[in-house]
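Novice: First the structure, which I've put down as structure tokens, then a few questions once you've had a look.
The values are calculated or read from the model by the stated rules, or taken from the named source; none is laboratory data. Remember, it's a predicted structure, so these values are computed and weren't measured experimentally. All Cβ positions, even for glycine, are placed from backbone atoms using ideal geometry, and neighbour counts span all protein chains on display.
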Amino acid sequence: MKIRKEYSCPLEIVHDFTRGKWKIIIIYQLNKGPNSLSGLQKIIVGISQKMLIESLNELIEFDIVTKKKSLGYPLQVEYKLTEDRGKKMVEAISIMQQIGREYMKENKMGRFKED
């Protein structure tokens, strides 16, 4: 994904960082700690490997996630949130999650897991 040359609001840039169905969920899961590609695919139900890789690459491009490769066989690859932008995104996601919980409770919308 390319960043445009001009934006009228900083929120547009953040929207471009997180656009798509999966990026917020990936960030949320990586807040629990570093994880491998296969580990993320197991805990994010419904995401294809192709979409996971594409989303992770875009998050890396925007300095929200880092990728670390360890030498050896088999090759170990670990993804984790960056200390600055990645951790700040978690703060925003936590607020959005709380709003979602409140809405679900108010409207008696099924069960959800308390984190």
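Novice: Report every pair of residues separated by at least 6 positions or lying on different chains whose Cβ atoms are under 7 Å apart, first residue within region 85-108 and within 18 Å of Thr66 (Cα to Cα), second among the acidic types (Asp, Glu).
Specialist: Qualifying pairs under 7 Å: Arg85/Asp63.
Novice: Another question, then. Please go through region 52-63 and give me each residue that is exposed (fewer than 14 other Cβ atoms within 10 Å of the Cβ) and under 16 Å from Met89 (Cβ atoms), ordered by number.
Specialist: If the condition is that a residue be exposed (fewer than 14 other Cβ atoms within 10 Å of the Cβ) and under 16 Å from Met89 (Cβ atoms), then Glu61, Asp63 are the ones that fit.
Novice: For Ala92, work out the one condition from (1) surrounded by 11 or more Cβ atoms within 10 Å (Cβ to Cβ); (2) closer than 13 Å to Ile26 by Cβ; (3) among the hydrophobic types (A, V, I, L, M, F, W, C) it doesn't fulfil.
Specialist: (2)
Novice: Considering only region 2-16, I want to know if a residue exists there that is modelled with pLDDT of 95 or more and either closer than 20 Å to Ser94 by Cα or of a type in the set (Ser, Thr, Tyr) (or both).
Specialist: Narrowing region 2-16 to residues modelled with pLDDT of 95 or more: none.
No, there is no match, as no residue in region 2-16 is modelled with pLDDT of 95 or more and either closer than 20 Å to Ser94 by Cα or of a type in the set (Ser, Thr, Tyr) (or both).
Novice: Then there is this: Is there a residue being basic (Lys, Arg), under 17 Å from Thr82 (Cβ atoms) and either in contact with a Leu (Cβ under 9 Å, 6 or more places away or on another chain) or surrounded by fewer than 17 Cβ atoms within 10 Å (Cβ to Cβ) (or both) anywhere in region 5-17? Explain how you work it out, then say what you get.
Specialist: Step one: list which residues in region 5-17 are basic (Lys, Arg), which gives 5.
Keeping just the survivors that are under 17 Å from Thr82 (Cβ atoms) gives none.
For region 5-17, residues basic (Lys, Arg), under 17 Å from Thr82 (Cβ atoms) and either in contact with a Leu (Cβ under 9 Å, 6 or more places away or on another chain) or surrounded by fewer than 17 Cβ atoms within 10 Å (Cβ to Cβ) (or both): absent.
Novice: Does Asn31 satisfy the criteria of being crowded, with 18+ Cβ neighbours inside 10 Å, in contact with a strand residue (DSSP E or B) (Cβ under 7 Å, 6 or more places away or on another chain) and at pLDDT 95 or above?
Specialist: Here the answer is no, as Asn31 does not meet what is asked.
Novice: Something else: May I ask you to list the residues in region 15-64 that are among the β-branched types (Val, Ile, Thr) and touching a residue at least 24 places away in the same chain (Cβ under 8 Å)?
Specialist: Here is the first cut: in region 15-64, the ones among the β-branched types (Val, Ile, Thr) are 18, 24-27, 43-45, 47, 53, 60, 64.
Matches in region 15-64: Thr18, Ile24, Ile26, Ile27, Ile47, Ile64.
Novice: Here's another thing I want to ask about it. Do the conditions hold for Val77, that is, is it in contact (Cβ under 8 Å) with a residue 24 or more places away in the chain and closer than 18 Å to Val14 by Cβ? If you could, list the steps in order and put the result at the bottom.
Specialist: Numbers: in contact (Cβ under 8 Å) with a residue 24 or more places away in the chain: yes; closer than 18 Å to Val14 by Cβ: no.
For Val77, the condition - in contact (Cβ under 8 Å) with a residue 24 or more places away in the chain and closer than 18 Å to Val14 by Cβ - is not met.
Novice: Also, quick follow-up: Within region 64-87, track down each residue that is under 12 Å from the mean Cα position of the chain (by Cα) and loosely packed, with under 15 Cβ neighbours inside 10 Å. So that I can check it myself, show each step before the final result.
Specialist: Restricting attention to region 64-87, the residues satisfying the condition of being under 12 Å from the mean Cα position of the chain (by Cα) are 64-66, 79-82, 85-87.
Answer for region 64-87, where residues must be under 12 Å from the mean Cα position of the chain (by Cα) and loosely packed, with under 15 Cβ neighbours inside 10 Å: just Lys87.
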